[in-house]
1. Name, by its number, the condition in (1) within 20 Å of Val30 (Cα to Cα); (2) loosely packed, with under 15 Cβ neighbours inside 10 Å; (3) modelled with pLDDT of 95 or more that does not hold for Ala144.
2. Only residues in the stretch 181-197 that are on the phi < 0 side of the Ramachandran plot count as the first member; pair them with residues that are in a strand (DSSP E or B) and surrounded by fewer than 18 Cβ atoms within 10 Å (Cβ to Cβ), Cβ under 7 angstrom, at least 6 apart or cross-chain, and list the lot.
3. Which of the residues spanning the stretch 148-180 are polar (S, T, N, Q), touching a residue at least 12 places away in the same chain (Cβ under 8 Å) and under 17 Å from Ala129 (Cα atoms)?
4. Mind listing whichever residues of the stretch 137-152 are over 22 Å from the mean Cα position of the chain (by Cα) and not in a loop (DSSP other than H, G, I, E, B)?
5. So which residues in the stretch 186-207 are in a strand (DSSP E or B) and polar (S, T, N, Q), if there are any at all?
6. Can you tell me which residue within the stretch 111-141, out of those that are polar (S, T, N, Q) and within 20 Å of Lys160 (Cα to Cα), is modelled with the lowest pLDDT?
7. Looking only at the stretch 68-84, filter to residues that are surrounded by 15 or more Cβ atoms within 10 Å (Cβ to Cβ) and touching a residue at least 24 places away in the same chain (Cβ under 8 Å); which one of those is nearest to Tyr41 (Cα to Cα)?
8. When the stretch 27-54 is examined, which residues are found to be β-branched (Val, Ile, Thr), under 21 Å from Leu186 (Cα atoms) and out of contact with any Pro (no Cβ under 9 Å at 6 or more places or on another chain)?
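The values are calculated or read from the model by the stated rules, or taken from the named source; none is laboratory data. In this text, all values refer to a predicted model and were calculated from it rather than measured experimentally. Please note: Cβ atoms are built from the backbone with ideal geometry, for glycine as well, and neighbour counts cover all protein chains shown.
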Amino acid sequence: MKKILHIFMWISAFVMLTGCAKFEPQDDAVLIDRDEKITRYFIDTFVDESNQPYSQDEIRKMMETELKTYNRNFGVDHVVLQDCAVENDVLTMTLLCDSARYYQDYCSYFNDDFTTKEADVVFFVGTLAEAGDYSFDAGFVNAAGETVSVSDILKKENLKVVILNEALEVSIPKKILYVSDNVEILGKNQAKVQDSGLMKNAYILYK
């Protein structure tokens, strides 16, 4: 009996471990953790317009200088460079942000071309009750792909919502319940905002 119990416990542990797979995006992406901290991945080829490789050290120093300038406004490092690495001629830069507020503020502050084609970045994480400034002007579907009335969704004020206007892969901490019609659901807690040229707001809802 003890042997069977040990085997069962080992299998359960294995399932739990394999179920918590690390988020490894293949394209520009954002990960939102349970504390609503934001990890933003910038992924691009490591060559310039003349097909010459960039200097990894120069890019790192440029980002560190830019972030130092931004964080100086607060006296606290709200946005930090977590990683800057090259593999197979692909550069991945990872920024860690205290919250959606500081990610949006940082991107809009520098207004660089790698963030969005619009003048300002939109990025919100919170409850529907807290998202009163947003129009939710979109069609919506549930996780099964069935059309859902936006008025019915908005009645559930305790639901969490991610609102953004960038074409990104998105990983959230819980199961996706509803998405706007410019979002493709990739898995239980992962989705991709579609690039439709001039970006409009995309919505991803979860508990």
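1. For Ala144, the exception is condition (1).
2. Asp181/Val141; Ala191/Glu184; Lys192/Glu184; Lys192/Leu186; Gln194/Glu184
3. Keep residues of the stretch 148-180 that are polar (S, T, N, Q), which gives 149, 151, 158, 165, 171, 180.
Retained after the next criterion (residues that are touching a residue at least 12 places away in the same chain (Cβ under 8 Å)): 158, 165, 171, 180.
Asn158 - this is the single residue of the stretch 148-180 that is polar (S, T, N, Q), touching a residue at least 12 places away in the same chain (Cβ under 8 Å) and under 17 Å from Ala129 (Cα atoms).
4. Thr147, Val148, Val150, Ser151, Asp152
5. Our first condition is that a residue be in a strand (DSSP E or B); within the stretch 186-207, this holds for 186-187, 190-193, 202-206.
Result: Gln190, single match.
6. Restricting attention to the stretch 111-141, the residues satisfying the condition of being polar (S, T, N, Q) are 111, 115-116, 127, 135.
Now drop any that are not within 20 Å of Lys160 (Cα to Cα), which leaves 127, 135.
On the way: Thr127: 98, Ser135: 95.
Checked the stretch 111-141; the qualifying residue modelled with the lowest pLDDT is Ser135.
7. Cys84
8. Of all residues in the stretch 27-54, those β-branched (Val, Ile, Thr) come to 30, 32, 38-39, 43, 45, 47.
From what's left, under 21 Å from Leu186 (Cα atoms): 30, 32, 38-39, 43.
Val30, Ile38, Thr39 - these are the residues of the stretch 27-54 that are β-branched (Val, Ile, Thr), under 21 Å from Leu186 (Cα atoms) and out of contact with any Pro (no Cβ under 9 Å at 6 or more places or on another chain).
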